[in-house]
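The values are calculated or read from the model by the stated rules, or taken from the named source; none is laboratory data. Everything numeric in this text was worked out from a predicted model, so none of it was measured. Here the Cβ is made from the backbone with ideal geometry for all residues, glycine too, and neighbour counts use every protein chain on show.
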Amino acid sequence: MATSFPPVVPGRFQMLHGGDYNPEQWRHRPELLDEDARLMRRAGMTAASVGIFSWAALQPGPDSWDFAWLDAVFARLQAQGVGILLATPSAARPLWLAEDAEVRRMRSDGTREDPGGRHSFCATSPRWRAAVAEIDRRLAERYAGHPALLGWHISNEFGGAAENGRCHCPRCIAGFQGWLRRRFGDDLDALNRAWNSAFWSHSYQDWAQIRPCDRSNDGLMLAWQRWCSDLVLDVVRLEKAAIRSASAAPITTNMHGPMDFYDHGAVARELDFVSYDCYPDIDGSPRDAEAVAAASFYDGCMRGLAGGRPWLLMESCPSQPQYKPRMRLKRPGMHRALSLAHVAGGSDGVCYFQWRAGSNGHEKHHGAVLMQDAPTDTRVFREVAELGADLARLGGVVGAACPAPVGIVCDVHSTWARRVSGGFQGEPAPAELAMTHHRCFHERGIHADLVDADSDLTRFALVVVPGVALLRPGFAARIEAALAAGAQVLVDALSGWYDDEAAIVAGGRPGPLAGLLGLGASEEMDVLRTDERVALTVTGGWLPAGTHAIGHCDLMRLAGAEALASYAGEFYAGRPALTRHRHGAGTSWYLGCRLERPALAHLLARLADAAGIRPPLPEIPAGVVVRERIQPGRRYLFVLNPQPQAVQVGVGPGWSDALGEAAMPATLDLAGHQAQVLTRPA
Ligand code: GLA
Ligand code: ZN
């Protein structure tokens, strides 16, 4: 079968439909375990994530093991044609292990986490690491050859603990000091210079003096964040090595927003495919449009991490997530529309938290496909089963590309650098800026991938660099390569502030980007009150007439670039606000101020035109999600209406229903919460 990309599970040309399944919570009710397997088949489930929190059931004591119940789960699911994404159970450790204080995270106040809870391990604990490696290895040895095994789900939502799981125990702090020694080549003076630790007399005379508790030292706090992130990477590698000692099946770990706990790009490079847990804030109000746009932003983050390849929606709620202020039910059809939106965004499946809700414990009210042992002929089950039938018909979409001509750089090192730095804190954080820019493409049906600053940018026709404050080594060269390849590149004034240690960039903002932009160093930046705005004079129609600067106004100097908008007010009237510069085969743009979203959308639409990017439909009604996925010789058009009111969408002639084969009209009438998938030869 010719597909753009191989499926996430090799050889499986089938959309995955599944979810977290915790049978160890129902071992005393064998009739329900039989019912689970039967109903999974009826719901078109193809992949259950098993074992995520099963450590105590698998290893009830330090030297006792019980795999019999899991063997039976494998057998029961296999008999119904359901595959298994087998989890390593490291996210929650059994009490017998937690009794040993060293395995429990030390909080920043020096106290240890209590036993219980989850995610609260100390990742440098030798006892914990050995125990994780052992149980992972035993699972891999036992199930590597099982025909129902689809792949591995490492741990659960790394970073999802209090203080993002950072441990302040003496061993972790010593590990941090050793990490710094290696980073600075054992040269303490180099560290002192890089961090300017002479500030407030904080110079270090000994590596042992370095403790992550001085919030006045920006370089230190950034380094601590990075070390904690590297520790997540280290655990992923530890678990991967244990699995790989016996199994070659694909490996993933489920990521979750806001994705600033660790460097997801570094972890993604260790995985065979990336996966994401998504719980949008849907409450039936007009704010749902924001939630849908945010979910689509994270789809773009997954595509960025996957280098454009498909990924997997690992968790979502078929009903009402428990952790929302108002547990509003999803209206009929909404689950399908939201799920298909992720497929449109590149997910080759839809999975849930969870299959059957637990009888007790903290998440007993969390929506699931089945609620405890209640009757199963429910609306939620029916909608899940209907979606399962739809997904079964969408096998042709597996491996299809999301043609993404736009790359938006969203880099966690910039998020951390802005967070640890004082000053300019009223302006939006990098991820918020990235989301605002992404939304302008989302509304036009254009896939925009969110990529980190270490990524190759030459596959994009348009590169947007919003709030990339910290310049990673080689980042300027990657921008230059994109320009050399002919891209349009837009850089904003919150980019190019810091070197890789969060020190102000040499020679002034935007450092090495200035030459690429045809600019000299910026002189000053004005920050406006929230009730202030500064009018702009625009030329060439790149911004709408009547556009204003909001937020900040950068005062830059031209050094080869031309001005296409300038400030029309304030003492800096006449200074450039938007510039353009030809560099290589491409064009670089600099936006010195923030814009209201309509003006930003106008600018990005013009830049997309200049980059030769065509949206899939000329006109998309507000609130409707439209995306294309492409296979060799075939196109799929997803048209989804996640809002209560009916809409009409002109799609043009030649499409047929991907779920039913019928020819489709050129204008679709979509009821509220209705979704259509169309197809035609490419
Ligand atoms: C996360 C976790 C799950 C569960 C759900 C509830 O995504 O991974 O174990 O707690 O949240 O929304
Ligand atoms: Zn520790």
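Per the listing 574, 515, 511, the residue uniquely modelled with pLDDT of 95 or more, crowded, with 16+ Cβ neighbours inside 10 Å and on the phi > 0 side of the Ramachandran plot is 511.
If you go through the range 391-423 and keep only what is of a type outside the set (Phe, Trp, Tyr), under 13 Å from residue 468 (Cα atoms) and in a helix (DSSP H, G or I), you end up with 412, 413, 414, 415, 417, 418, 419. Considering every residue within the range 315-324, establish whether at least one is in a loop (DSSP other than H, G, I, E, B), free of Cβ contacts under 8 Å to residues at least 12 places away in the same chain and away from ligand 1 (no atom under 11 Å from the Cβ). Taking every residue of the range 315-324 in turn, none turns out to be in a loop (DSSP other than H, G, I, E, B), free of Cβ contacts under 8 Å to residues at least 12 places away in the same chain and away from ligand 1 (no atom under 11 Å from the Cβ). The number of residues in the range 99-124 that are in a helix (DSSP H, G or I) and surrounded by 21 or more Cβ atoms within 10 Å (Cβ to Cβ) comes to 1. Note on the range 130-147: residues that are within 30 Å of the chain's Cα centre (by Cα) and part of a loop (DSSP other than H, G, I, E, B) total 1.
Has the range 269-286 got at least one residue that is out of contact with any strand residue (DSSP E or B) (no Cβ under 6 Å at 6 or more places or on another chain), outside any loop (DSSP other than H, G, I, E, B), more than 14 Å from ligand 1 (Cβ to nearest atom) and not assigned by TED's automatic domain parsing to the domain that holds residue 440? Among the residues of the range 269-286, not one is out of contact with any strand residue (DSSP E or B) (no Cβ under 6 Å at 6 or more places or on another chain), outside any loop (DSSP other than H, G, I, E, B), more than 14 Å from ligand 1 (Cβ to nearest atom) and not assigned by TED's automatic domain parsing to the domain that holds residue 440, which makes the answer no. Determine whether the range 325-335 contains at least one residue that is away from ligand 1 (no atom under 15 Å from the Cβ), within 19 Å of the chain's Cα centre (by Cα) and either in contact (Cβ under 8 Å) with a residue 40 or more places away in the chain or under 30 Å from residue 631 (Cα atoms) (or both). No, every residue in the range 325-335 fails to be away from ligand 1 (no atom under 15 Å from the Cβ), within 19 Å of the chain's Cα centre (by Cα) and either in contact (Cβ under 8 Å) with a residue 40 or more places away in the chain or under 30 Å from residue 631 (Cα atoms) (or both).
The set of residues in the range 150-178 that are within 9 Å of ligand 2 (Cβ to nearest atom) and of a type in the set (Gly, Ala, Ser) contains only 175.
Scanning the range 94-105 turns up no residue that is within 16 Å of ligand 1 (Cβ to nearest atom) and either within 32 Å of the chain's Cα centre (by Cα) or on the phi < 0 side of the Ramachandran plot (or both). Out of 635, 557, 594, 606, report the one residue that is without any contact (Cβ under 8 Å) to a residue 60 or more places away in the chain and assigned by TED's automatic domain parsing to the domain that holds residue 440. After ruling out the rest, the residue left standing is 557.
Close contacts from the range 86-115, counting a first residue that is under 13 Å from residue 170 (Cα atoms) and touching a residue at least 24 places away in the same chain (Cβ under 8 Å) and a second that is among the small types (Gly, Ala, Ser) and crowded, with 17+ Cβ neighbours inside 10 Å, with Cβ to Cβ under 6 Å and a gap of 6+ residues or different chains, come to 102/125; 103/125; 105/120.
If only residues of the range 154-210 that are over 23 Å from residue 259 (Cα atoms), in a loop (DSSP other than H, G, I, E, B) and touching a residue at least 12 places away in the same chain (Cβ under 8 Å) are counted, the one that is farthest from ligand 1 (Cβ to nearest atom) is 205. Residue 120 meets each of the listed conditions (1) touching a helix residue (DSSP H, G or I) at 6+ places or on another chain (Cβ under 9 Å); (2) more than 16 Å from ligand 1 (Cβ to nearest atom); (3) without any contact (Cβ under 8 Å) to a residue 60 or more places away in the chain apart from (2). Here is a check on your reading of the model: is residue 127 of a type outside the set (A, V, I, L, M, F, W, C), surrounded by fewer than 19 Cβ atoms within 10 Å (Cβ to Cβ), within 16 Å of ligand 2 (Cβ to nearest atom) and part of a helix (DSSP H, G or I)? Against the criterion (of a type outside the set (A, V, I, L, M, F, W, C), surrounded by fewer than 19 Cβ atoms within 10 Å (Cβ to Cβ), within 16 Å of ligand 2 (Cβ to nearest atom) and part of a helix (DSSP H, G or I)), residue 127 qualifies. Within the range 339-365, being surrounded by 21 or more Cβ atoms within 10 Å (Cβ to Cβ) and within 15 Å of ligand 1 (Cβ to nearest atom) holds for 342, 350, 351, 352, 353, 354, 355, 356, 357.
Given the condition surrounded by fewer than 14 Cβ atoms within 10 Å (Cβ to Cβ), without any contact (Cβ under 8 Å) to a residue 60 or more places away in the chain and part of a loop (DSSP other than H, G, I, E, B), answer yes or no: does some residue in the range 30-47 qualify? Scanning the range 30-47 turns up no residue that is surrounded by fewer than 14 Cβ atoms within 10 Å (Cβ to Cβ), without any contact (Cβ under 8 Å) to a residue 60 or more places away in the chain and part of a loop (DSSP other than H, G, I, E, B).
Yes/no per residue for (1) out of contact with any Gly (no Cβ under 7 Å at 6 or more places or on another chain); (2) among the β-branched types (Val, Ile, Thr):
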position: 634; (1), (2): no, no
position: 646; (1), (2): no, no
position: 650; (1), (2): yes, no
position: 659; (1), (2): yes, no
position: 662; (1), (2): yes, no
position: 667; (1), (2): no, yes
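When restricted to residues that are within 13 Å of residue 413 (Cβ to Cβ) and surrounded by 24 or more Cβ atoms within 10 Å (Cβ to Cβ), the range 454-487 contains 6.
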